[in-house]
Amino acid sequence: MSGEEIIIDGSFGEGGGQILRTSTGLAAALWQGTDGRELRVVNIRAGRPKPGLRVQHVAAVNAAAEVAAAGIEGARLDSRELSFRPAGSRAGTYRFEIPTAGSAMLVLQTILPALITADGDSEVLISGGTHNPFAPCFQYVRDVFCTLAEAANVSVALTLERVGFYPAGGGRIRCQVRGVGSPEHVGPLRLLTRGELRRIEALSAAADTLPEHIVQRQARRVQERLEGAGLPAEVQSARWPADCGGTVVFLRAVFSHGLAGFSALGRRGKPAERVADEAVDELLAFLDADGAVDPHAADQLITILALCPRASQLTTTRITNHLLTNAEVIRQITGRQVTVEGELDRPGKVILDRTP
């Protein structure tokens with residue numbers, strides 16, 4: 001594929017920023033400057049109420065460009081087309097700031113493939129939101145995604161230095177990534193069954209500007225719901241300094257062969273009990289379905305597994321549009337076969353064939 005221009009339609013599938021993050025992230029990790037390959041993403045977020053790049057998307061692609069020493073055009077607000085020409089991933093010390101409450105976790109998701117394949121270790125400081133709607137929260141990324149990825153020879157250490165709730169942001173995460181030097185050193189995964197449930201870990205937390213009873217009510221509701229379902233759990237509580245009010249409930253289910261995570265965020269006017277109910281409902285739905293990993297882990301893990309030239313398989317309790325979209329982006333960037341067996345919103349299986 002030397003010298004090839006790969007064009008990806010940014011309006012297909014879920015049609016959002018994930019297409020941009022996955023495509024630039026994989027190109028940054030897998031392409032070298034000597035290849036002469038260029039990625040062009042067109043019709044970016046064409047079907048969204050505000051089409052084109054938002055502030056958080058510009059931050060993510062610029063971060064990928066810095067890590068991969070990429071030439072980049074179109075990385076500006078409202079742009080609907082982007083060109084990206086990576087020279088190769090580089091280990092280093094990086095600092096990225098999102099000037100809004102945009103998700104720091106999604107910026108990390110964009111640059112992580114390149115940092116993993118870099119020839120050396122990296123440290124990254126990202127400022128922005130850490131607990132955002134429509135993005136994985138810090139605890140999910142650290143305690144579920146990063147833990148599952150360890151089996152693929154991926155080592156990522158995450159530290160929450162300051163929480164950033166929507167809409168103020170102001171959070172800060174520190175990330176240390178071990179570079180393995182080559183995609184060949186990323187291992188395959190075979191996650192087909194989750195095994196027996198060992199324990200459930202729960203966290204109820206809020207900004208310290210909010211009354212303490214909110215954290216207590218969330219925790220009490222989680223305890224009541226889980227005990228009522230015959231699933232006792234120890235619930236930890238926390239109050240964090242933050243630039244604005246916000247709350248989170250995070251649940252982690254630990255199985256003999258895997259992990260799963262579920263979270264819900266509070267907002268003004270949303271009862272604490274409802275926040276707890278949303279997270280518990282997701283957990284119970286997962287336990288009632290077949291699959292080794294939760295829906296969010298499925299679409300996040302296959303991006304990392306796309307680095308490995310060997311075959312991988314995983315099952316999930318629910319096929320999502322995000323998963324289908326990521327699978328298609330992986331096909332276009334890598335040229336390998338990615339098969340998703342099953343129907344949308346039902347349990348299914350993902351098979352990544354060997355690199356051709």
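The numbers here are math on the coordinates, done by the rules we state, and not lab data. Note that the structure is a prediction, hence the values are computed from the model and not measured. Counting neighbours? That spans all protein chains shown, and the Cβs are built from the backbone with ideal geometry, glycine included.
Odds and ends about this structure:
- The value given for region 197-287 is a Kirkwood hydrodynamic radius of 13.0 Å, derived from the mean inverse Cα-Cα separation.
- For the chain, the longest principal axis of the C-alpha atoms and the axis of helix 272-287 are separated by about 60°.
- Ranked 94, 166, criterion: other C-beta atoms within 10 Å, fewest first: 94, 166
- The residues 143, 119, when put in order of fewest to most other Cβ atoms within 10 Å, stand as 119, 143.
- On Cα atoms only, tilt of 104-117 relative to the major axis of the chain in degrees: 50 degrees
- Charge dipole magnitude, Cβ of K and R +1, D and E -1 - region 195-292, Cα centre, debye nearest 20: 300 debye
- The C-alpha atoms of the chain define a longest principal axis, and helix 321-334 lies at about 20 degrees to it.
- In a reduced charge model with +1 at each Lys and Arg Cβ and -1 at each Asp and Glu Cβ, the chain shows a dipole moment near 420 debye about its Cα centre.
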